Amino acid sequence: MADIGDLAGRRVNVNDLYDFSLQVMLLAGLKEEHAQVTADVLVTTDTWGVHTHGTKQLRPLVKNVRAGRLQAHAEPEVVAEGAGWALVDGHYAMPMVSSCLAMRTAMAKARDVGIAYAGVRHSSHFGAAGYYAVMGAQGGLLGMAMCNVDPCMTVPGARGRVLGTNPFAYAIPAGKGRPLFLDIATSAAAASKIFAAASVGKQIPEGWLVDDDGLPTVDPSIFPRSGALLPMAGHKGYGLALLIEVLAGVLTGAAITQEIKSWLDDVPDPTNEGHAFIAIDIAAIIDPAEFAERMNHLANEIHSAPKAKGAERIYLPGEMEWERREMALTHGVVLPPDVVESLLGVAADVGLDRTSLALQELA
């Protein structure tokens, strides 16, 4: 494998990245349909510029398949349902497949009754929550997606890890523009930012991390061996993370808090993360044309708000990601060195020629 330092500043055609991801998963034994769904989730996320949750996750996902923590031939299924709700048992299929099934189910039921919830149990890390929320918005609905994950975050008054960084996303059809969408963790900072600071020997800002005594620290090197992330905005982030734990874990029958096994750990047990998806049919409440007009008005008001000194533009949630995607589709997606290293690694893992990842120098 090449020195990863030589791989900085490279890009890859989006279709080539999709084909590479597909080949990797087929060689790992996945069904073609499942590999296609997963590749689309991961590659789309890369085009948004969210590389922590894009194709970098392909290698640990495949590792989980090969270790038996995910089942290559499992089929997720709806095991219980009502007019406005459904429960999906993922059977430890690729999590993106279970999540897309659940979101489609919530959307279909919402079109019948106005609003619907779909939960998933027996699953694992589903990538970027925003992908599934955007599915709803692209179908003309308001979409929400969330997941509970293994504990790595403390809560006010506690010492140690209590909850996961339980991500939450929403997406809203936006009239003339692309869907608005927000995808966030409920921690004050992403773990990837702490790892990045530790890798170059930098301190982190106060308010990101506490040590094993529950005291603030600016030393990123202790994590994840010890310490815990802090919730965003204190009790507010804690409260939101707890709601997600209920909707994705308690309500679905998935594992909760300390029962959840990290999808990145070298352990035989499956993670049993839970997911939750909510869809709201805008047309059941308001005429879609009127909603689009009102969203355009809202967007214009925000865009035209007085700007802070030195600011050139006010962005709506999701605008940066859509602009990055347009650039990626036209010019190729720029892959950070750690992503390239991971992709070359998974190619070696499954016996795929590394030259199938067609990297190009940036112009």
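See the values below:
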item	result
Top-ranked residue of the range 77-101 - restricted to ones that are touching a Pro at 6+ places or on another chain (Cβ under 8 Å) and within 17 Å of residue 35 (Cα to Cα), ranked as surrounded by the fewest Cβ atoms within 10 Å (Cβ to Cβ)	91
Per-region count, the range 236-283, residues exposed (fewer than 15 other Cβ atoms within 10 Å of the Cβ) and either in the same structural domain as residue 211 (by TED's automatic domain parsing) or of a type in the set (Phe, Trp, Tyr) (or both)	0
Test for residue 49: is it without any contact (Cβ under 8 Å) to a residue 60 or more places away in the chain, small (Gly, Ala, Ser) and not in a helix (DSSP H, G or I)	no
Members of the range 71-95 found to be part of a loop (DSSP other than H, G, I, E, B) and either in contact with a Ser or Thr (Cβ under 6 Å, 6 or more places away or on another chain) or of a type in the set (S, T, N, Q) (or both), listed by number	71, 76, 90, 94
Selection status of residue 137, without any contact (Cβ under 8 Å) to a residue 60 or more places away in the chain and either touching a strand residue (DSSP E or B) at 6+ places or on another chain (Cβ under 6 Å) or under 25 Å from residue 298 (Cβ atoms) (or both)	yes
Residue list for the range 319-363, restricted to those being free of Cβ contacts under 8 Å to residues at least 40 places away in the same chain and part of a loop (DSSP other than H, G, I, E, B)	353, 363
Residue check, residue 336 surrounded by 14 or more Cβ atoms within 10 Å (Cβ to Cβ) and in the same structural domain as residue 103 (by TED's automatic domain parsing)	no
Pairs where the first residue, in the range 306-318, is free of Cβ contacts under 8 Å to residues at least 60 places away in the same chain and the second is exposed (fewer than 10 other Cβ atoms within 10 Å of the Cβ), C-beta under 7 Å, 6+ apart	314/305
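Every residue, every condition in (1) in contact (Cβ under 8 Å) with a residue 12 or more places away in the chain; (2) assigned by TED's automatic domain parsing to the domain that holds residue 146; (3) within 21 Å of residue 271 (Cα to Cα), yes or no:
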| site | (1), (2), (3) |
| --- | --- |
| 36 | yes, no, no |
| 82 | no, yes, no |
| 85 | yes, yes, no |
| 91 | yes, yes, yes |
| 101 | yes, yes, yes |
| 111 | yes, yes, no |
| 119 | yes, yes, yes |
| 123 | yes, yes, yes |
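The values are calculated or read from the model by the stated rules, or taken from the named source; none is laboratory data. This structure is a prediction, so every number in the text was calculated from the model and none was measured. We place every Cβ from the backbone using ideal geometry, glycine too, and count neighbours over all the protein chains shown.
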